[in-house]
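The values are calculated or read from the model by the stated rules, or taken from the named source; none is laboratory data. Since this is a predicted model, take the numbers as computed values, not measurements. Ideal geometry is used to build each Cβ from the backbone, glycine not excepted, and the neighbour counts take in all protein chains shown. SASA here: full protein model, heavy atoms, side chains in, ligands and nucleic acids out. Shrake-Rupley method; radii C 1.70, N 1.55, O 1.52, S 1.80 Å.
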Amino acid sequence: MSDEQEKQPAEAAGGKGMKEAKPSVFSKPLFWIILVCVVAAIAIGGTLYYLHARQYESTDDAFVDAHIVRISPTVAGTLRFVAEADNRHVQPGQLLAVIDAAGSEARVTEAGANAAQAQAQLDQALAQVTAAQASRDQAAAQARAPLATAAKAAEDLARYEALRRLDPSAVAPQKLDEARAQARSTAAEAAAARRQVESADAQITVARRQIGASRAVIAARQAQTRQAQVTLGDNRLVAPIAGQVVNRQVNVGSYVGPGTQLMAIVPDHVWVTANFKETQLRHMRIGDAVTIKVDAYPDVEFTGHVDSIQRGAGQAFALLPPQNATGNYVKVVQRVPVRIEFDAKKGPDPRKYPIGPGMSVTPTVKLGGR
């Protein structure tokens, strides 16, 4: 065997011995120091994150909400005018649509004429009262003479009868008969005069009652006039609030009936309805600050606060509330609507952005109870 062949096994054996002698990385103190620092940093970071995150509650089941006003007429007719206000902002009282008012104008004219006729009847009744009063005064004046004559005849008869009782020869029978006839005749004339006065009083009463009836008719006709004017006013549809006109469904010439939706108005005031899990409400309080992220504007951070929390889960107000009185009931965490108002003074004003009902948002509530 040559020297080179003997040398090769020796070198191989020496190399194997050198590899086995190399220290492990786990035996190095630096490794353990680094590992301990990393674990400590992860633990501290995780603890800090937990302590920070537990102060907030968030949900992606949230949407922009508003009280949408739907514009509908109360009368039927053909649209004569429709404002070109699609997706435009309108002010309260701004004209939106006009319904052909030919029939309504005719009813207003007719009601006005009926009211004028009722006023004329009242004037006539007042004149009748004046005339009846004059007739009564005349009858009373005419009755004075018969009444006086009847009174004198009655006194003469009484005097003759008294004299006859004292001295039968003092008064002739013929004279006594004439006195009795005169008393009866004048009494009848006085009674007739009284009846005429009473009749005149009755005419006054009738005329006064006619005045009351005429005034009642005037009140009814004036009410009809006002109703006709209200109906005429209903032909003009104006914006009840400030907001943006959306969902216009009609044009000029369209026939509409009572309750037909012409368009809708989204008001300037909007808020967020967030459906939080019932387990997230433990520390949530009214007034808690909220950070709002709108999906349409991810780079804009809106601010708000918790305005109210609905007393009851959303499923309790469904059209068909669930019936859980069954044997296979499975408990499910319910969602509770929470109303969140925007704070335009503390952050971006949502009115400066085209934000409307139904748009998705992600609110994060800073819990005030922790």
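Being of a type outside the set (D, E, K, R) and within 24 Å of the chain's Cα centre (by Cα) is a property that Val246 has. In segment 273-302, of all residues being of a type in the set (S, T, N, Q) and part of a helix (DSSP H, G or I), the one that is farthest from Ser360 (Cα to Cα) corresponds to Thr279. Residues in segment 328-345 that are within 31 Å of the chain's Cα centre (by Cα), closer than 21 Å to Ile309 by Cβ and of a type outside the set (A, V, I, L, M, F, W, C): Arg335, Pro337, Arg339, Glu341, Asp343. Of the residues making up segment 263-322, those that are free of Cβ contacts under 8 Å to residues at least 12 places away in the same chain and closer than 14 Å to Pro350 by Cα are Pro298, Asp299. The set of residues in segment 284-302 being surrounded by fewer than 15 Cβ atoms within 10 Å (Cβ to Cβ) and charged (D, E, K, R) consists of Arg285, Asp295, Asp299, Glu301. For Ile265, the conditions (1) assigned to a strand (DSSP E or B); (2) over 30 Å from Ala97 (Cβ atoms) all hold with the exception of (2). Taking first residues from segment 194-219 that are at negative phi and partners that are open to solvent by 50 Å² or more (accessible area, probe 1.4 Å) and among the hydroxyl-bearing types (Ser, Thr, Tyr), the Cβ contacts under 8 Å between residues at least 6 apart in sequence or on separate chains come to Ala200/Ser135; Gln203/Ser135.
Residue count for segment 271-283 under the criterion of being among the β-branched types (Val, Ile, Thr) and loosely packed, with under 13 Cβ neighbours inside 10 Å: the result is 1. Kindly evaluate Val206 against the criterion of being among the β-branched types (Val, Ile, Thr), open to solvent by 80 Å² or more (accessible area, probe 1.4 Å), over 30 Å from Ser58 (Cβ atoms) and out of contact with any Phe, Trp or Tyr (no Cβ under 7 Å at 6 or more places or on another chain). So Val206 passes the test. When both residues are 6+ apart or on different chains and their Cβ atoms are under 9 Å apart, which pairs have a first residue that lies in segment 350-370 and is at positive phi, and a second that is in a strand (DSSP E or B) and open to solvent by 50 Å² or more (accessible area, probe 1.4 Å)? Between residues of segment 350-370 that are at positive phi and residues that are in a strand (DSSP E or B) and open to solvent by 50 Å² or more (accessible area, probe 1.4 Å), the close pairs are Gly358/Phe63; Gly358/Asp65.
Yes or no, residue by residue, for (1) farther than 30 Å from Thr364 by Cβ; (2) assigned to a loop (DSSP other than H, G, I, E, B); (3) open to solvent by less than 30 Å² (accessible area, probe 1.4 Å):
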{"site": "Val252", "(1), (2), (3)": "yes, yes, no"}
{"site": "Pro258", "(1), (2), (3)": "yes, yes, no"}
{"site": "Gln261", "(1), (2), (3)": "yes, yes, no"}
{"site": "His269", "(1), (2), (3)": "no, yes, no"}
{"site": "Gly304", "(1), (2), (3)": "no, no, yes"}
{"site": "Arg311", "(1), (2), (3)": "no, yes, no"}
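For segment 339-357, the criterion of being modelled with pLDDT under 90, surrounded by fewer than 15 Cβ atoms within 10 Å (Cβ to Cβ), among the basic types (Lys, Arg) and part of a loop (DSSP other than H, G, I, E, B) is met by at least one residue. For the criterion of being touching a strand residue (DSSP E or B) at 6+ places or on another chain (Cβ under 9 Å) and either modelled with pLDDT of 75 or more or open to solvent by 60 Å² or more (accessible area, probe 1.4 Å) (or both), Leu95 passes.
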